[in-house]
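J.: Input: one structure, supplied below.
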Amino acid sequence: MTPSLADARGLQALLLDRNGAVGTQPTEEEWENLAALAGWPVGQHHAFQQAFWSRREAYDAGAITAHARVLARTAARRPLRTAPHGSELLTALRRTDTAMWTNTDPNVLAVLHAAHATGLPIILVSNAPHPVADALEDTAWCRTLVTRTVFSARLGASKPHRRMYEAGLAAAGWPRPDKTIFIDDRADSCLAASGLGMRTLHYTGDPSALARHLPQATPTTIP
Ligand SMILES: [Mg+2]
């Protein structure tokens, strides 16, 4: 059997972060829109972000109502039922929040397409709440490029918890960790992966760095 280019590079799998890697960070405008929807005064979206992140880990780890209640508290001056699942506003907050976390970098996607074409399995390993996980799996890029997904909300643990990386390796069919590359924009997450013996790339926003670390079926031109 002719070895694939992925074999030639020695890689058996790619475990890939979403936000800050294949996914772009939300824009200021998106933060402002979410803060306004939650009832925060104009110009205070940075304070809103603090409230947002203070409970986000629980939301990412599957505690859906925890984050919804934080958002609901921020909207206390607006009509809102206390039941988090019954409110139209909460539904709108979740929809807007989900949309913020599903944007992608086309240059990163180009590199991933070229890697995918070599036969390299790509496993998305992402801290994401249920609504974002569901939305991501509905995207064309995820259906095309991603072999399996591992989402924190479904696992009940978030990176850098060891279980996320083990679930990623399991989803890839237990490749050799030293022939698996883990890519994330968070250094602590890369450190956790390297603790399990994986190669790592701390991604800092340069798609050409991805192209240098991944097999590419065709040269990828990055503007
Ligand atoms: Mg990230």
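J.: For W174, are the conditions met, namely being out of contact with any strand residue (DSSP E or B) (no Cβ under 7 Å at 6 or more places or on another chain) and in the same structural domain as A21 (by TED's automatic domain parsing)?
T.: yes
J.: For segment 15-56, which residues satisfy the criterion of being within 13 Å of the ligand (Cβ to nearest atom) and part of a helix (DSSP H, G or I)?
T.: Answer for segment 15-56, where residues must be within 13 Å of the ligand (Cβ to nearest atom) and part of a helix (DSSP H, G or I): just R56.
J.: What about A187, is it under 21 Å from T104 (Cβ atoms) and either among the aliphatic types (A, V, I, L, M) or more than 15 Å from the ligand (Cβ to nearest atom) (or both)?
T.: When the stated conditions are applied, A187 does not pass them.
The values are calculated or read from the model by the stated rules, or taken from the named source; none is laboratory data. These numbers come from a predicted model, not from an experiment. Cβ coordinates were reconstructed from backbone atoms using ideal geometry, including for glycine residues, and neighbour counts include every protein chain displayed.
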